[in-house]
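Values in this text are rule-based calculations from the coordinates and carry no lab data. Nothing here was measured: the structure is a model prediction, and the numbers come from that model. Backbone-built Cβ (ideal geometry, glycine too); neighbour counts: all protein chains shown.
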Amino acid sequence: MKRVLVTGGAGSIGSYVCEYLIQRGHEVMALDNGPSLKVEHLFDSGRFKFVQDSILVKDVVERLVDQADICIHLAAIADPKRYVTEPLNVLNVNLKGSLGLLDHCSRRGVKFVFASTSEVLGKNPKVPWNEEADRVLGPPNINRWCYSTGKALIEHYCHAYGQQEKLPFVIMRFFNVYGPRCDDLGQGRVIPIFLEKFLKGEPVVVHGDGQQTRCFTFIEDATQAVVELALNEAALGQCFNIGSDRETSILELAQTMKRVGGFANELVFKPHLEVFGKSYEDIPRRIPDVSRIKRVIGWEATTGLEDGLKRTIDFYRQP
Ligand SMILES: NC(=O)c1ccc[n+]([C@@H]2O[C@H](COP(=O)([O-])OP(=O)(O)OC[C@H]3O[C@@H](n4cnc5c(N)ncnc54)[C@H](O)[C@@H]3O)[C@@H](O)[C@H]2O)c1
């Protein structure tokens, strides 16, 4: 039995990770400054504690790290709209907050399992991306890169603390995780945004020509990967892509959701510039090379897109 601190434990991925750890007999402390809605079903478990506070509060972070064997650090501002409207908050939470946590984990020898992102590779055109691929980014006056840069800097710190302070760490780079309960409809990422429109019977807006692609990863698959990487000693000191390697264009996603959900909405197209302004830049293709995670811990995403979408749509259709 491990004592695991899950920051961002009330978030999309975090709530599943907490639930799965508890099912496997571990003790979980979730630290999150957001609402507890997604973890309230865990409150009766004798092995779950929820602390509603920020990772920027030093004494709270230190008290919780002191009680943990492992810290799975998922807390972040991870909503693309906010990279553009609140770059300062994004940098403060994702960079300063992570650094305080990482520093104290290092002092206490607590394993640090860090949620990074496929975004660190920016617009590298050579897909699929393995974990050693180059980072290709735009300039710092384009706000959208602040998320990528903050996450990449914490990756650097993990390697540096690992090398100089012997910190045990694992880095995870997620590729578009989705699923039931994950997001508030209409918020943040493409699937909940499309789904809100589908459910309201309104036109579904596809950005650009819809030919940009992503690899969508079902939440249950991603959760298993996180917990296995956190517990398996073979993963130590390395970075891993967590994703499905099935490439799906955004237009195909919209069409598949329409078909699977039996919707009749119209699909309409809108230029990126009109949607985000000039401080945002979309990435044409993002595909993970998942050979490392397969080789080291034997994990691969097994849920098909149609199955995952159907389960997601069914969840949000419930009254
Ligand atoms: N979901 C994805 O597809 C995806 C892709 C790439 C990377 N990631 C990374 O994985 C992690 C989890 O993502 P998610 O999809 O669950 O996002 P999420 O937004 O659902 O969860 C993040 C959680 O962090 C919490 N949080 C934000 N600021 C905080 C603070 N100052 N103190 C404490 N808690 C704070 C939020 O309240 C939220 O519950 C994030 O670090 C994100 O950057 C996710």
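List of remarks:
- Computed helical MRE - 222 nm, the chain, DSSP H runs ≥ 4 contributing -39500 (n - 2.57), nearest 500: -11500 deg cm²/dmol
- Tensor-based shape of segment 219-319 (alpha-carbon gyration tensor, a/c under 1.5 rounded, otherwise prolate or oblate): oblate
- At R0 = 30 Å, FRET efficiency that the Cβ-Cβ distance of LEU153 and VAL275 yields, to 0.05: 0.60
- In this structure, the amide hydrogen of PHE50, modeled 1.01 Å from its nitrogen in the peptide plane, lies closer than 5 angstrom to those of ALA30, counting only residues at least 5 positions away or on a different chain.
- Chymotrypsin sites (Phe, Trp or Tyr not before Pro) restricted to DSSP loop in segment 1-87 with at most 13 other C-beta within 10 Å: PHE43
- The magnitude of the dipole of the chain, with charges of +1 and -1 set on the Cβ of Lys/Arg and Asp/Glu and taken from the Cα centre, is near 180 debye.
- Where labels lie 7 Å past Cα in the beta-carbon direction, separation of ASN89 and ASP44 in nm: 3.5
- Tensor-based shape of segment 39-99 (alpha-carbon gyration tensor, a/c under 1.5 rounded, otherwise prolate or oblate): oblate
- Put in line by how crowded their Cβ is, counting other Cβ atoms within 10 Å and starting with the fewest, ARG259, ARG286, ARG135 read ARG259, ARG135, ARG286.
- Look at the alpha carbon pairs under 8 Å that are at least 6 residues apart: their mean separation over the length of segment 25-141 gives a relative contact order of 21 percent.
- Within-11-Å neighbourhood charge of GLU196 [Cβ basis; K, R +1; D, E -1]: -1
- Available extension along the chain between SER249 and GLU132 is 39.7 nm, counting 0.36 nm per residue and deducting the alpha carbon span.
- Percentage relative contact order, the chain, counting C-alpha pairs under 8 Å, at least six apart: 18
- Here VAL206, VAL57 are placed in order of increasing Cβ neighbour count within 10 Å, fewest first, which gives VAL57, VAL206.
- Exposure proxy order (Cβ contacts within 10 Å, fewest to most) of ARG24, ARG3: ARG24, ARG3
- The residues neighbouring PHE240, those whose beta-carbon lies less than 11 Å from its own, together hold a net charge of +1 under the Lys/Arg +1, Asp/Glu -1 convention.
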